[in-house]
1. Can you give the extra length, in nm with one decimal, that the chain gains between residue 49 and residue 35 once fully stretched, where that is 0.36 nm per residue apart less the Cα-Cα distance?
2. Can you tell me what the convex hull of the Cα atoms of the chain projects to on average, as an area in nm²?
3. Just to check I understand the Karplus step: with θ = phi - 60° and J = 6.51 cos²θ - 1.76 cosθ + 1.60, what whole-Hz values come out for the range 59-73, glycine and proline as x?
4. Within the chain, report the trypsin sites (Lys or Arg not before Pro) that DSSP leaves as loop and that have at most 15 other Cβ atoms within 10 Å.
5. What's the exposure ranking of 29, 58, going from fewest to most Cβ atoms within 10 Å?
6. Pulled fully out, how much extra length does the chain show between residue 69 and residue 25, if you take 0.36 nm times their separation in residues and subtract their Cα-Cα distance?
Amino acid sequence: MENTLFGYTELQIAQFGLTFGIGAFILYMLFIVLNLAVASKAGKFGTFVLFLVLSFGMLGFLAKNVIQWTLEN
């Protein structure tokens, strides 16, 4: 018998945190990048460059999840 917390196993809680918790954190980081672009008055091209450079790691994380989902299904 596995230990549960509120009826969920440790694996289910970890999976929930990985998908929704990190997804929410990514949205928060995008908000920070947008706030940085507005505060620095970067303009359209500067905002594009900020999002491109500062969000590149997030794209890799999302690509990993898409590839993993594709291979599993």
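1. Contour length minus Cα-Cα distance gives 3.6 nm.
2. In nm², the orientation-averaged hull projection of the chain is 7.0.
3. Taking θ as phi minus 60°, the curve returns 4, x, 5, 5, 5, 4, 5, 5, 5, 5, 5, 5, 5, 6, 9 Hz for the range 59-73.
4. Within the chain, the qualifying trypsin sites (Lys or Arg not before Pro) (loop, at most 15 other Cβ atoms within 10 Å) are 41.
5. Fewest to most other Cβ atoms nearby, the residues stand as 29, 58.
6. Separation in residues times 0.36 nm, less the Cα-Cα distance, equals 13.8 nm.
Laboratory data are not the source of any read-out in this text; all were calculated from the coordinates shown. Everything numeric in this text was worked out from a predicted model, so none of it was measured. As a convention, Cβ positions derive from the backbone with ideal geometry for all residues, glycine included, and neighbour counts pool all protein chains shown.
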